[in-house]
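In what follows, a structure is listed as structure tokens, so that the remarks can point back to it.
The values are calculated or read from the model by the stated rules, or taken from the named source; none is laboratory data. This structure is a prediction, so every number in the text was calculated from the model and none was measured. Note that we place each Cβ from the backbone using ideal geometry, even for glycine, and neighbour counts take in every protein chain shown.
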């Protein structure tokens, strides 16, 4: 394995929505100064189509439409999460939704307009776009920036942290047999949330036909957890209500043709359980548990014109649903069955992730978080991830400025100059240790356990004992204890895994990342002694909401190998700023 | 859901390999693309959209209601054409005008 040392000012880990926009912001800010900030994006796939936007999107779901204000959005997100949000974080993204949208349009995104040139809205907070190519548009914008370098197909698996201050990261090229030790003045983590912790709806051939990108493995969470970063609200899991099997969106059916949620008896049940995101899932769960399932979106009887529009709309965003209709029965002839997905941990929809201050600084000095990896601000969606990318980039740039007033001008041509050992923050020994760990997986004897089997074992444990589909998302303390025990056993087995190439080594690290996140999820689920969000965190020992003791954030931090739970007070009504208490 | 790559059409340009968000597509010794990890496909269709010779199509696994049809997309006169080939040999095409594609 070749060993390469790189040096940059700002390292962005993950070139998805938030990461790309962070680079665009940081590069533009830097151009106004005399010295260009050197920015490096490291992406484990390729920025052109990586992350949540790979398949494209057909709406921006977080937008301040005419007559509405950012405050309305904050109130909506707060209500949906039953109070457990950070208002400062929600305000700071809501105030930027429309600006980042305008910027995307300038970069080439097609936003639908009416006859008067106004954006076409869908509801109070959404605008319609032709977003199939939204990710290539972002990636192209990044490519044009002279002071940004992109390393594609490089997987970062550890931070370099000394005295709770980050100074770089370690990674490897999954196709070029190269180890990277990257030194940086500041780091933005933008690796997304975590899929694949729980057994999926269809664990066989179609195991990856899931709501969230299966390649988002919680790497950013795991690296932060291991280095003692404070994390928040991992117990607020996200479960999507989707078209059965294809896991295609339901909103287009509900809002496009007005399809109601009905049970097998034909009764409309959607109004019975409440309309928050979690209540919609919960209603479907209860209808099934009480023998009134399967549940459907009622589409039988729609007009041929409506049906044709639906076939086209789904081809545009979730083509598998259209194919399923064409291969089986079309929506005018058969209602569309719906189901909840397996739970995910994703800070763009719920509030799970890094505990950050208003500037998106984590509790590790020099590390900023943006997008699904950052906690506290649910209902973030695409525009919120862009806004956080922007905020994190500005904060990181400020931080870099503050680090050294004597920063010397260095042209982009010396970006990859090998650091002098004397001034290197990453020591040779640290590189050797990381390389040795990778080489151990490549040289381990092929034993009885495989990465794939252990991943399935982990998903089965989480499904059975930590509130997966199997238990209709419910769990008890005894079950969580069992989950913890079994996840720890699986974790020990991962050290003996064998890999034949670096892509397989990446799969081992991804499994380890998921196991780390699983342990935090279990600890958080066990710590919230109430049921505030049905299905998302359905605690059978505490089936009621407890506003007296649990209108609080459940946070955690790894201390001496143990997950320590910290209950923190909610930010005040209308609070615009939050600082870490050091 | 996963993809299949028609080896007779593939020109080995590597664009599908480059864009796959899971890096699941590799190029073999004959300079042809193949999917190394078919069960790991998310179904994002990035590769299908990138392929300049329409060599890639997708299909639904039987476990999610697939019946053996193959689907790919082409750009024709500014329209996005989706072509569904059913197992009995019949073909259905659906043309979408990008400007009209987002009625819902």
Just give me the residues in the range A:550-582 being exposed (fewer than 11 other Cβ atoms within 10 Å of the Cβ) and without any contact (Cβ under 8 Å) to a residue 24 or more places away in the chain, in sequence order. A:560, A:561, A:562, A:569, A:581, A:582
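For every residue, the table says whether it meets (1) in a helix (DSSP H, G or I); (2) closer than 30 Å to residue A:172 by Cα; (3) modelled with pLDDT of 95 or more.
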position	(1), (2), (3)
A:482	yes, no, yes
A:487	yes, yes, yes
A:490	yes, yes, yes
A:513	yes, yes, yes
A:531	no, no, yes
Residue A:361 vs. criteria within 11 Å of the chain's Cα centre (by Cα) and assigned by TED's automatic domain parsing to the domain that holds residue A:89: no
Filter the range B:48-63 down to residues that are facing chain A (nearest Cβ under 9 Å) and part of a loop (DSSP other than H, G, I, E, B) and give me whichever is farthest from the chain's Cα centre (by Cα). B:61
How about the range A:472-517: which of its residues are touching a helix residue (DSSP H, G or I) at 6+ places or on another chain (Cβ under 7 Å) and under 30 Å from residue A:283 (Cβ atoms)? A:472, A:473, A:475, A:477, A:479, A:480, A:482, A:483, A:514, A:517
If you check residue A:221 against the conditions, is it more than 14 Å from chain B (Cβ to nearest Cβ), closer than 27 Å to residue A:465 by Cα and not in a loop (DSSP other than H, G, I, E, B)? yes
Selection within the range A:178-195 - within 14 Å of chain B (Cβ to nearest Cβ) and either without any contact (Cβ under 8 Å) to a residue 12 or more places away in the chain or touching a helix residue (DSSP H, G or I) at 6+ places or on another chain (Cβ under 6 Å) (or both): A:191, A:192
Of the candidates B:91, B:84, the one satisfying the condition of being at the interface with another protein chain (Cβ under 8 Å from one of its Cβ atoms) and either at pLDDT 95 or above or within 12 Å of the chain's Cα centre (by Cα) (or both) is B:84
Is it the case that residue A:228 is free of Cβ contacts under 8 Å to residues at least 40 places away in the same chain and surrounded by fewer than 24 Cβ atoms within 10 Å (Cβ to Cβ)? no
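Being more than 30 Å from residue A:480 (Cα to Cα), in contact with a helix residue (DSSP H, G or I) (Cβ under 8 Å, 6 or more places away or on another chain) and either assigned to a loop (DSSP other than H, G, I, E, B) or away from every other protein chain (no Cβ under 12 Å) (or both): is that true of residue A:175 here? Working first, answer last.
Working: more than 30 Å from residue A:480 (Cα to Cα): yes; in contact with a helix residue (DSSP H, G or I) (Cβ under 8 Å, 6 or more places away or on another chain): yes; either assigned to a loop (DSSP other than H, G, I, E, B) or away from every other protein chain (no Cβ under 12 Å) (or both): yes.
Taking the combined requirement at face value, the residue satisfies it.
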Residue in the range B:64-78 that is nearest to the chain's Cα centre (by Cα), counting only those that are touching a residue at least 12 places away in the same chain (Cβ under 8 Å) and assigned to a strand (DSSP E or B): B:72
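How many residues are closer than 16 Å to residue A:152 by Cα and crowded, with 21+ Cβ neighbours inside 10 Å if we restrict to the range B:23-45?
So the count comes out to 3.
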Here is a check on your reading of the model: is residue A:502 within 22 Å of residue A:220 (Cβ to Cβ) and modelled with pLDDT of 95 or more? yes
How about the range A:25-141: which strands (runs of 3 or more DSSP E) wholly inside it have at least 1 residues that are in contact (Cβ under 8 Å) with a residue 40 or more places away in the chain and in the same structural domain as residue A:398 (by TED's automatic domain parsing)? A:39-42
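State yes or no: is residue A:39 more than 25 Å from residue A:248 (Cβ to Cβ), buried (at least 24 other Cβ atoms within 10 Å of the Cβ) and more than 14 Å from chain B (Cβ to nearest Cβ)?
yes
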Of the residues that sit in the range A:264-308 and are surrounded by 20 or more Cβ atoms within 10 Å (Cβ to Cβ) and within 14 Å of chain B (Cβ to nearest Cβ), which one is farthest from the chain's Cα centre (by Cα)? A:302
Of everything in the range B:9-47, what is more than 9 Å from chain A (Cβ to nearest Cβ) and touching a residue at least 24 places away in the same chain (Cβ under 8 Å)? Give them in sequence order. B:9, B:10, B:11, B:13, B:15, B:16, B:32, B:33, B:34, B:35
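Residue-by-condition table, conditions (1) touching a helix residue (DSSP H, G or I) at 6+ places or on another chain (Cβ under 8 Å); (2) within 26 Å of residue B:1 (Cα to Cα); (3) in a loop (DSSP other than H, G, I, E, B):
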position	(1), (2), (3)
A:293	yes, yes, yes
A:299	yes, yes, yes
A:305	no, no, no
A:338	yes, yes, no
A:347	yes, no, yes
A:350	no, no, yes
A:377	yes, no, yes
Can you tell me how many residues in the range A:465-494 are surrounded by fewer than 19 Cβ atoms within 10 Å (Cβ to Cβ), free of Cβ contacts under 8 Å to residues at least 40 places away in the same chain and within 22 Å of residue A:339 (Cβ to Cβ)? 1
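Condition check ((1) closer than 30 Å to residue A:171 by Cβ; (2) crowded, with 21+ Cβ neighbours inside 10 Å) across all residues:
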{"site": "A:48", "(1), (2)": "yes, yes"}
{"site": "A:54", "(1), (2)": "yes, yes"}
{"site": "A:59", "(1), (2)": "no, yes"}
{"site": "A:63", "(1), (2)": "no, yes"}
{"site": "A:101", "(1), (2)": "no, yes"}
{"site": "A:113", "(1), (2)": "no, no"}
{"site": "A:117", "(1), (2)": "no, no"}
{"site": "A:120", "(1), (2)": "no, no"}
{"site": "A:123", "(1), (2)": "no, no"}
